[in-house]
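**Student:** This is the structure I have questions about; it appears just below.
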Amino acid sequence: MSTSRIRRVVTTRQGGASAPPYDSFNLGEHVGDRPEAVVANRERLATGIGLPGQRLVWMEQVHGRTVTVVDGPQAQPVPACDALVTSQPRLAVAVLVADCVPILLADPVGQVVAAVHAGRVGARAGVLPAALETMRRLGARIERVEALLGPSACGQCYEVPARMQTDVEARLPGSACRTHQGSAGLDLRAGLWRQLAAAGVARVGVDPRCTIEEPVLYSYRRDGVTGRLAALTWFEQ
């Protein structure tokens, strides 16, 4: 079987048109930034990755487990979902984050890719298994799927109430941890990695950067009012 070339991109906050506190490569249009700055940044992103702007598909993320299949360009962000799946070549599906875990999935043989927004609520609700099942229905085979867990709040920085930690751990085993201060924390990437392994995904890469610790990345927990970075994936025919 032939294998498609899978492309993955994770942006930072550098090199854009947005003014503080969104400086400068903010790609989120829902955070209070000037619309013209976001448009300019998205155009710059499209040019940089070599795709027409209309071939980038965005989501109206709601911290749920809804997965939407897209088969072509979308004039507006896909409403009320937290994962996009496509089998169309050169159609980039994108996820926006500023502490949540962006997950990029691909079956290079089956030619199916997905972008998943996995914050605490969505990860707890099972957005990742839902995305994998949707990929399978489009022809992907789970044993061929490659995954990238992008930059997010690390467990040592993500402090939560003990009751919340227990609740998430019950639904996303492996996510409970201790913070730098020794308090209850959540390492969502660890729990998601275990979830991928349990599903049969053997090829898992992890971007270890913590959005809270890395000034070059956006972090809502660190800054409050801030921009959003993007993680995108697509395949070349």
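Each reported figure results from applying straightforward, stated rules to the coordinates on display, with no laboratory input. In this text, all values refer to a predicted model and were calculated from it rather than measured experimentally. In this analysis, Cβ positions are derived from the backbone assuming ideal geometry, glycine residues included, and neighbour counts consider all displayed protein chains.
**Student:** With label points built 7 Å along Cα→Cβ from the Cα atoms of GLU236 and ALA40, find their separation and express it in nm.
**Tutor:** 3.0 nm
**Student:** If you average 1/r over every pair of different alpha-carbon atoms in the chain and take one over that average, what Kirkwood value in Å do you get?
**Tutor:** Working: mean 1/r = 0.0565 Å⁻¹.
Kirkwood hydrodynamic radius for the chain: 17.7 Å.
**Student:** Would you mind getting me the FRET efficiency between ASP167 and VAL62? Use the beta-carbon distance for r and R0 = 22 Å, nearest 0.05.
**Tutor:** Efficiency computed from Cβ-Cβ geometry: 0.65.
**Student:** Here's something else I'd like to know. Ratio of the stretch 26-77's C-alpha Rg to 2.2 N^0.38 Å, to two decimals?
**Tutor:** 1.22
**Student:** While we're here: How big is the dipole moment of the stretch 5-232 about its Cα centre under a simple scheme where the beta carbon of each Lys and Arg is +1, that of each Asp and Glu is -1, and everything else is neutral? Debye, nearest 20, please. Intermediate results must be reported in sequence, preceding the final value.
**Tutor:** On the way: 26 positive and 21 negative charges, 105 e Å.
Here the stretch 5-232 has a charge dipole of around 500 debye.
**Student:** Amide H of VAL204 versus every other amide H placed in the peptide plane: which residues, excluding those fewer than 5 positions away on the same chain, fall under 5 Å?
**Tutor:** When sequence neighbours closer than 5 places are left aside, the close amide H contacts are ALA147.
**Student:** Could you tally the net charge around GLY110, taking each other residue with its Cβ under 10 Å from the Cβ of GLY110, Lys/Arg +1 and Asp/Glu -1?
**Tutor:** +2
**Student:** Sequence-distant or interchain residues sharing an amide H contact under 5 Å with GLU60, placed H: which?
**Tutor:** VAL78, ALA80, CYS81
**Student:** Just to confirm my numbers, what's the Cα centroid distance between the stretch 153-231 and the stretch 9-83 in Å?
**Tutor:** Result: 22 Å between the Cα centres.
**Student:** If R0 is 45 Å, what FRET efficiency do you get for ARG178 and HIS30 from their C-beta distance, rounded to 0.05?
**Tutor:** 0.85
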